[in-house]
Amino acid sequence: MIELVSAQRCIACDKCVEVCPTDVFERGPDGIPLLVRQEDCQTCFLCEANCPVDALFVSPLTRPLPQDPAVRDEAGLVRRGLLGSYRRDIGWGEGRTPGALRAVGPALGPAAPPIIS
Ligand code: SF4
Ligand code: SF4
């Protein structure tokens, strides 16, 4: 579930507002998106994946984190590498390796010969 928009990082590009399938965000007066319908979040990570400046944190849980502000402490999230971590892990963003190229799986064998009838 979406938990944090970093006002320090956000460049007010509206990408997250546009891609959210359940309309969780609304553009705030200063351009920073507000989480006006957090309860509608589907934990799809689309907003975090599309934020060009890694300003969003979507928790992997499908329910809100406890109200304790410490769990949304931005400095703590940065320290733990969690702000924008989904985008980083899928390799979106300049200079990153697309996640598909780092995927672990069985090595592909040689191509099968063409079937000639
Ligand atoms: S995780 Fe998905 S549903 Fe939730 S705010 Fe982001 S885009 Fe919207
Ligand atoms: S996508 Fe990122 S930079 Fe753009 S408005 Fe949303 S939080 Fe701000």
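None of the figures in this text is laboratory data; all of them are computed from the coordinates on show. Quick caveat: nothing in here was measured; it's all calculated off a predicted structure. Cβ coordinates were reconstructed from backbone atoms using ideal geometry, including for glycine residues, and neighbour counts include every protein chain displayed.
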Completion exercise
With criteria (1) among the basic types (Lys, Arg); (2) away from ligand 1 (no atom under 14 Å from the Cβ); (3) more than 11 Å from the chain's Cα centre (by Cα), residue 63 comes up short on (2)
Completion exercise
Filtering the stretch 16-40 down to residues that are near ligand 2 (Cβ under 9 Å from one of its atoms), under 23 Å from residue 75 (Cα atoms) and out of contact with any Leu (no Cβ under 7 Å at 6 or more places or on another chain) yields 31, 32, 33
Completion exercise
Subset of the stretch 33-60, residues assigned to a loop (DSSP other than H, G, I, E, B), of a type in the set (A, V, I, L, M, F, W, C) and within 10 Å of ligand 1 (Cβ to nearest atom), comes to 41, 44, 45, 51
Exercise for the section: Filter the stretch 69-110 down to residues that are in contact with a helix residue (DSSP H, G or I) (Cβ under 6 Å, 6 or more places away or on another chain) and not in a loop (DSSP other than H, G, I, E, B) and give me whichever is surrounded by the most Cβ atoms within 10 Å (Cβ to Cβ). Expected result: 87
Exercise for the section: Only residues that are more than 22 Å from residue 38 (Cα to Cα) and among the hydroxyl-bearing types (Ser, Thr, Tyr): list them for the stretch 60-109, please. Expected result: 97
Practice task
Could you please let me know if residue 48 is of a type in the set (D, E, K, R) and either touching a helix residue (DSSP H, G or I) at 6+ places or on another chain (Cβ under 6 Å) or closer than 17 Å to residue 87 by Cα (or both)?
Solution key: yes
Exercise for the section: Please state which of the following conditions residue 36 fails to meet, knowing it meets all the rest: (1) out of contact with any Pro (no Cβ under 8 Å at 6 or more places or on another chain); (2) over 19 Å from residue 7 (Cβ atoms); (3) without any contact (Cβ under 8 Å) to a residue 40 or more places away in the chain. Expected result: (2)
Exercise for the section: Answer yes if at least one residue in the stretch 14-24 is of a type in the set (A, V, I, L, M, F, W, C), surrounded by 15 or more Cβ atoms within 10 Å (Cβ to Cβ) and on the phi > 0 side of the Ramachandran plot, and no otherwise. Expected result: no
Exercise for the section: Looking only at the stretch 1-15, count how many residues are more than 7 Å from ligand 2 (Cβ to nearest atom) and part of a helix (DSSP H, G or I). Expected result: 0
